[in-house]
Every structure is written in structure tokens, then in C-alpha cells.
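Beneath this line is the structure, given in C-alpha cells, with notes to follow.
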Amino acid sequence: MIKKILLLCILSTHIFSQDNSIKGTILGDDSEALIGSSVYWINTQIGTTTDENGFFSISKDGIKDKRLITTYIGYKSDTIQVNNQRLLIINMISNNSLKEIELSENRQDIYIDPLKAIKTETISRKELEKAACCDLAGCFETQASVETKTTNVLTNTKELSILGLSGVYNQILVDGLPNVVALGFVHGVSSIPGTLIDNIHISQGLASTQQGFESITGQISIDLKKPSLTEKLFTNIYYNSFSDKQANVDYSFKLGNWNSIIGLHSTQPANKIDRNNDNFLDLPLTTKYSLYNKWIYGLENNTNLYSSTSIRFLSENKVGGQLDFDKNIHLGGNEFYGQVVDYNQLEINTKNSYQLNEKNVILAQAFFTLQDQEAIYGTTQYLVNQSQFYLSLDNHFTWNEHTLKSGISLRKLDIKEEVTLQDNLLNGLTYNRTYGGEYNKNELIPGMYLENNFNWRSNAVQLITGLRVDHHNEFGILITPRSLFKYNFTENTTARICFGSGWRTVNLFSEYIQILSSNREIQIEENLNPEKAINFGANFLHSISRENLDIQIIIDLYKTSFSNQICPEYFVNSNYIYVNNFEGKSISNSFQTDLTFEIYKKYKLKLAYNYLDVFRMEHGHKHQFHFYSKHHALTTFSYQPADKDWHFDTRLHWFGKKKILNTTDYIDPHEAHTNPKSEPFTTISGQITKEFNDFEIYFGCENILNFRQENPLINPENPFSFDFDIANTWGPTKGREFYIGFRHKI
């Protein structure tokens with residue numbers, strides 16, 4: 001009772017605000033504030049989440065059905081009839097099994113935040129559990145906006161592509177911090193277990209200037225599990241038909257005013273598989289261990305202080321190459337070809353906020369990462385040590401319809417690379433490569449930003465204008481302007497536009513690791529300048545809600561234009577890979593439409609289509625980029641019977657033709673170019689989940705049609721020759737995969 005009286009005193013200071021809003025606090029067991037609880041009006045997309053103190057504020061303008069829904073993992077959903085109240089204290093009831101929760105009261109598995117000017121698509125944990133999602137790279141199977149691409153088939157290295165461009169052009173945030181850089185792009189998408197993710201937020205095009213100058217094509221923001229948002233004990237065991245084995249255990253506990261979660265992960269090697277009989281492994285032998293620990297501190301029922309600190313450690317070993325390759329015998333030699341990667345990562349980050357008063361909040365965020373890799377790619381040894389430090393101080397000031405964000409930041413990136421070449425005499429050929437040696441990079445980038453968020457008519461009109469100024473210790477002052485606009489025609493119809501620029505510096509070997517697998521000479525012809533681009537985007541969303549039918553229509557248009565872009569060039573000379581600045585016209589045009597249906601609260605159907613036109617102009621000719629499909633179609637279907645113990649989920653991807661490498665270029669660059677393209681292909685996957693009291697069993701099949709790219713390697717018969725290359729992967733290489741798993745939640 002005392003706690004509730006204190007809450008009433010605190011919340012009463014908000015009652016006389018001029019906006020037409022409902023305010024309140026959501027409490028759980030022992031009157032503990034529930035952080036991140038969802039609050040929304042029934043049968044609408046208008047909603048919000050509680051802050052670190054369990055507090056929320058939601059507008060009721062234009063709302064006819066004033067029933068407020070609250071949901072929180074581990075608790076029974078609640079429906080509150082709002083009449084003339086302006087202040088609510090909601091006590092939610094713990095319910096581990098969640099069987100009593102009505103589907104209509106749940107937040108959507110995938111939803112777009114209606115309050116943001118940036119079109120942000122959120123993939124919830126419930127959506128992630130519809131597939132195996134072993135790591136971050138596997139979490140986008142139900143999306144058309146992000147495509148997971150393989151960059152090194154021998155080590156199964158992947159990237160996340162947005163708008164048809166390389167994954168290095170989108171910004172990846174972990175708990176809101178931009179710590180995936182350089183070597184992190186190579187290992188970042190596989191370093192995070194899927195079971196450790198609470199939500200993934202995807203925005204195409206530009207993002208806020210607060211997180212930095214990157215996000216040229218989009219932003220992927222990952223929310224890792226918080227102790228208040230997960231079960232006390234969670235266990236996941238996974239096994240597939242290749243004998244790939246994974247185990248995850250997460251444990252949450254409270255110590256005084258601190259809430260904490262510890263997560264452990266292990267991946268053990270699969271069997272040796274060679275289904276296309278090219279004498280190379282179809283997937284690497286992977287051993288991985290990771291540890292995750294997060295601590296959250298907050299003074300109970302106090303709106304002033306919040307602190308979150310986490311640590312992640314990863315140790316990974318991958319072995320790929322020929323079937324008979326033994327890393328203890330053949331490493332670095334030319335008897336059998338192999339690739340071996342030993343990678344270790346330590347990451348520490350902290351986020352802190354203090355609310356000075358109703359109008360002022362200050363934030364301090366920092367992280368430190370240390371990454372170390374020892375790798376062998378055939379006869380090339382690549383050693384790299386990378387350390388990164390980031391610090392930002394921000395102030396959020398709110399007055400009337402404005403929220404002014406300002407801040408300063410400091411980023412320091414140190415990379416030490418050593419490339420050792422063992423050029424052997426083989427079949428009368430000597431490589432004579434000269435790019436071996438040490439490569440050191442030391443970046444120091446202080447920066448500052450100012451961003452105003454203008455909200456009018458209870459968030460129906462929203463305009464964000466931001467300007468960021470950074471000083472690079474080598475390239476000087478770089479300016480990043482951005483503007484985003486949102487207009488709600490009705491509560492069910494929204495339009496958004498965005499315009500601005502972004503830039504990034506290139507980390508050649510760590511980001512384009514596949515070029516080290518080639519036996520050709522690498523020619524870096526000039527100093528590589530920052531890559532710069534301008535992005536324009538428009539989005540339209542319309543929702544239709546009937547008694548037993550909900551429909552959502554989304555249309556996206558984006559255009560990215562580079563003023564400088566750096567791409568390794570394979571086609572000038574068959575013995576060389578050239579790297580230089582390209583300051584000509586380089587364009588990515590993207591069109592995407594999504595149509596989703598929810599019928600009788602049981603059936604969910606999604607139809608999506610993505611069109612891409614990615615090219616560069618050289619000497620008056622249009623040259624399409626390699627390895628992207630102009631046409632990509634996606635269908636997902638989910639069915640959950642009335643008893644909600646069973647879940648049935650399927651998805652279908654159709655990819656159109658992709659421009660691939662012309663292998664004749666490797667033999668004679670003067671031969672006629674035939675502009676080869678891959679064949680269109682379809683993949684179908686599905687999963688069935690059965691829930692019990694506190695555990696569930698899931699089993700499924702990836703790539704049911706068993707489509708495989710037969711020859712992902714160029715000249716695998718002669719892996720030490722000039723024309724051997726791994727950079728020709730355009731489709732699945734493993735074939736059909738069955739899996740089974742077990743989740744236990746307490």
C-alpha cells in the first residue's frame with residue numbers, strides 16, 4: 001500500500017499535462033515495476049512500452065473503443081476499460097504457462113511502431129521461435145527487407161543485406177550501441193545466439209543521427225534479453241540432420257536492487273558433409289562457446305536513475321576446406337586445401353540515464369570491445385587484433401511539442417593486421433603475391449549532434465531534423481544531415497518519408513574476408529577514402545480491422561546514391577583483384593510491398609515482394625551488381641488452433657535470377673562476356689511446435705525442396721591454382737535440413 005501511495009504521488013505530477021493522455025505504471029509480483037511491458041488500444045496499432053520504471057503514457061485522441069491492453073512475458077495479459085481516468089496503476093498476474101492469454105490481446109509477432117517517424121519493423125521473440133533461429137543470421141527468414149547472404153561458403157560466413165547492398169552499409173546496434181564494426185561484421189551476425197534475442201528492430205534507409213554517421217542502407221537493432229523480460233530459467237537444446245548440436249541456458253535472478261541474467265551457449269561440430277561431391281565440406285566444423293551477463297539497477301518506484309551493464313565473451317573455431325584436410329597436419333600447406341579460423345571476442349557495455357525533471361533526461365553510454373583472430377585461408381595467414389572504445393553523453397529536453405536531443409561522442413578504433421603469404425611453386429606456377437605485410441589502422445572520431453523531434457496533434461504529425469558533425473583524424477570534418485517525417489492521415493493510415501546522408505570508412509580485409517581466399521594478387525591502387533551516400537525513402541502503411549479479419553498493407557520505396565563506393569574488382573585481369581575508389585554513379589533502387597492477413601485470430605498470412613535495381617555506371621554503360629535478385633517473393637503462413645498448444649509455421653522464398661561471376665574471365669579476360677546468371681530457385685521451410693506446461697518441443701525442415709547450388713566453388717579440383725575462388729555463392733549449398741529442439745521455461 002505504501003508503494004502505491006508513493007506511486008500516486010509521483011504520477012500525480014503528470015496529471016495536469018496539456019496533452020490528452022492516459023498515464024500509469026504497470027507492476028508485477030511484489031509490486032515490482034515491469035520494464036518494457038506493452039500497452040496499446042485494442043484493435044489498433046497505437047501503443048507504447050513502459051520505461052525502466054514501469055511508467056507509460058499513451059494518447060487517447062481519436063480512440064473510440066477505450067479498452068487498454070497490457071502484455072508482458074510471464075504474466076497474464078490484462079484488459080482495462082478506461083472511462084474518465086487519467087491515472088492508472090495496473091497490477092499484472094504472473095502466469096508461467098501463458099495458456100490463458102487470448103491471442104487477440106497479444107502484441108503482434110511482427111509489428112511497426114506507430115509512434116516513430118522512422119519506419120521500424122519489430123520482430124518479437126514469439127516470431128523468432130517460429131523457426132530454429134540458431135543465431136542472428138537465421139532470424140530473418142520471415143522478412144523480405146533483410147536478406148542473409150553467404151560471403152565465404154567454406155567458413156559459412158554471412159552478412160545481412162538491406163536494399164540489395166553489402167551488409168557493411170547497414171548499421172547493427174546491440175542494445176542500442178554501435179559496436180559491430182570491421183571484424184565485427186564478419187563474426188557479428190553469428191556471434192549472438194537466437195535464443196538470447198528479445199526483439200529485433202529493422203529500419204530501411206536512414207536512422208537517427210544519435211547513433212552515429214553510418215546506417216547508409218538501414219539499421220538492425222538487437223535487444224538482448226533482460227532479466228525482467230525473460231523466464232527465471234530457460235533451456236534450449238537443438239540438433240539437426242547434419243549432427244550440428246547447440247545448447248543454450250539462461251538464468252535470471254535478483255540481488256538487492258540489481259536484476260541480472262546469465263546466458264551460456266555452446267555449438268559443437270556437425271558431421272563431415274559433401275553432397276555435391278566436389279571434395280569440399282558443405283559446411284564447416286564449428287565449435288563455439290559464449291557467455292553473456294547483464295545487470296540492471298534501478299531504485300524501485302523512482303523515476304530518476306537507471307543503469308544497465310553487460311558483458312559478452314565469445315570463443316569460436318571453424319574448420320572448412322577439403323574433406324581430407326587436417327588442421328594439425330596440413331595447416332598452411334599445399335597438400336590439402338583448408339581454412340581455419342580461431343576467433344575470440346570480449347565486449348563490455350554500459351547504459352545509464354538520469355531524469356533531472358519532467359523535461360530533462362541525461363544519458364551516458366559506453367562500450368569496449370576486444371577482438372582477436374588467427375586465420376589460415378589456404379596458404380594465406382591472416383592475424384588481426386581489433387579494439388574499439390565508444391563513449392557518448394546525451395541530453396533529451398522536452399518542451400511543448402518538441403523533444404530536443406543533443407550529445408557528444410568519441411569513437412576510437414585500433415586495428416592491427418598481419419598478412420603472411422606462402423607462395424608455393426605448384427604445377428609450374430608461382431603466385432608472386434606482394435600484398436603481404438602489416439596493416440595498421442588507428443581511428444579517432446569525436447563528434448556531436450543536434451536533433452529536434454517535433455510532434456503535433458498527439459503524434460499524428462512528426463518531424464525529425466538532425467545534424468551530425470564528426471572529425472576524423474585522417475579525413476577531417478564530415479557532416480551528416482538527416483530529416484524524417486511522418487503523417488497519420490487516420491489512426492489506420494500512415495505515410496513516412498526520409499532524406500539524408502551517411503558515410504563510413506573501409507576495412508578491406510576484415511570486411512571483405514573472401515578476397516584473402518583467392519590466390520590472386522591484390523592491388524590497392526590508392527588511399528581509400530570514406531564511402532559516402534545519400535538516401536531517400538518513402539513508406540505508406542494502411543490497416544483494415546474487422547471483427548474476424550485484420551489486414552495490413554505496406555509499400556516501401558528507397559533510393560541510395562553513392563558519391564564514393566569501394567568494391568573489389570575481379571574482372572580487369574584474371575591474376576589480380578583491384579581495389580580503388582569509385583566516384584562515378586552507383587545506385588540502389590528498391591521497391592517492396594507487404595500484405596498481411598490475420599483471420600479469426602488463428603491464421604496469419606503474409607505476402608511480400610521486393611524489387612531491386614543495383615548498378616553502377618562505367619564509361620556510359622550500366623553494370624549490374626553481382627549476387628542479388630532483382631525479384632524476390634516471400635510467403636509466410638502460421639496457424640494456431642484454439643487450444644494454442646500447437647503452432648504450425650511455414651515460409652516460402654522465391655528468388656529470381658542473379659548475376660554471377662563469369663568463370664571464363666578467370667581463364668582469359670579477353671574472351672567474350674556472356675553475362676551469366678543463376679537460375680531462379682525456391683526454398684520452402686516449416687516448423688511444428690507443441691507446447692506443454694512449462695516446456696515445448698519443436699521440429700522442422702529447412703529447404704524442403706532440397707534445392708542446392710551445385711558448384712559454389714570455382715575450380716575446386718585445383719584449389720591452389722590462380723582461378724580457384726570461393727566468391728561465387730548465390731544459393732543454398734547444404735540442401736534439405738531436418739531439425740528438432742526442446743525449450744524449457746520456468
For Asp274, residues with placed amide H under 5 Å, excluding near neighbours: Asp282
Among [x] 124, 67, 65; [y] 87, 56, 47; [z] 119, 75, 53, the entry derived from the coordinates for Cα extents along the principal axes in Å: [y]
Calculated FRET value between Asn328 and Glu679, using beta carbons and R₀ = 51 Å, to 0.05: 0.80
Nearby aspartates and glutamates by direct alpha-carbon distance to Lys659 (threshold 20 angstrom, same-chain neighbours under 8 apart not counted): Glu147, Glu159, Glu569, Asp613, Glu618, Asp668, Glu671, Glu679, Glu710, Asp723, Asp725
Dimensionless Rg over Rh [the range 351-408; C-alpha; Kirkwood]: 1.38
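Stretch Trp646-Tyr439 to full length: gain in nm at 0.36 nm per residue minus the Cα-Cα span? Working shown, then result.
Values: separation 207, 0.36 × 207 = 74.52 nm, distance 5.46 nm.
69.1 nm is the gain from fully extending Trp646 to Tyr439.
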Whichever lysines have a C-alpha closer than 24 Å to that of Lys119, once near sequence neighbours (fewer than 8 apart) are set aside: Lys60, Lys130, Lys149, Lys225, Lys405, Lys486, Lys532, Lys559, Lys604, Lys606, Lys630
The range 220-290-the range 451-526 distance, computed between alpha-carbon centres (Å): 31
Other-chain or far-sequence residues with amide H under 5 Å of Phe695's (modelled H): Lys745
Acute angle (nearest 10 degrees) that the helix 2-12 long axis makes with the longest principal axis of the chain, alpha-carbon atoms: 80
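Can you put His647, His542 in order, fewest other beta carbons within 10 Å first? Before the final figure, lay out each step's value.
Details: His647 19, His542 15.
The most exposed by this proxy come first: His542, His647.
Tell me, what is the percent relative contact order of the chain, built from C-alpha pairs under 8 Å that lie six or more residues apart?
Working: 2041 pairs, mean separation 71.7, N = 746.
10 percent.
Add +1 for every Lys or Arg and -1 for every Asp or Glu among the other residues with Cβ under 11 Å from the Cβ of Gln462, and state the total.
Values: positive: Lys116, Arg457, Lys486, Arg496; negative: Glu401.
Charge balance in the 11 Å sphere: +3.
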3J(HN,Hα) from dihedral phi, the range 680-695, Karplus parametrisation 6.51/-1.76/1.60, rounded to Hz, x for glycine, proline: x, 8, 10, 10, 10, 9, x, 8, 10, 10, 10, 9, 10, 4, 10, 8
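For the range 155-204, what does the convex hull of the Cα positions come to per residue, in cubic angstrom? If you can, show how the numbers build up before the last one.
On the way: hull volume 4.5 nm³, N = 50.
Looking at the range 155-204, the number lands at 90 Å³ per residue.
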The range 239-250 - phi-based ³J(HN,Hα) in whole Hz, Karplus 6.51/-1.76/1.60, Gly and Pro as x: 8, 10, 6, 8, 6, 6, 10, 9, 9, 9, 9, 10
Mean Cβ count within 10 Å, highest first, over the residues of peptides 520-533, 487-500: 487-500, 520-533
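Which net charge results when you count Lys and Arg as +1 and Asp and Glu as -1 among the other residues whose beta-carbon is under 13 Å from that of Asp244?
Values: positive: Lys245, Lys272, Lys288, Lys318, Lys734; negative: Asp135, Asp282, Glu702, Glu737.
My count for the surroundings of Asp244 gives +1.
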Set of aspartates and glutamates near Lys76 by C-alpha distance (under 13 Å), chain-local residues within fewer than 8 positions excluded: Asp29, Glu100, Glu102, Glu105
Cα centroid separation - the range 540-605 against the range 144-179, whole Å: 13
Percent of Cα-Cα distances greater than 13 Å, calculated over the range 311-353: 62
Phi-based couplings in Hz for the range 333-346 (Karplus 6.51, -1.76, 1.60; Gly and Pro marked x): x, 10, 7, 10, 7, x, 10, 10, 10, 10, 9, 10, 9, 10
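Bear in mind these aren't lab numbers, they're just calculated from the coordinates by the rules spelled out. Predicted model only: the values in this text are computed from it and were never measured. Here the Cβ is made from the backbone with ideal geometry for all residues, glycine too, and neighbour counts use every protein chain on show.
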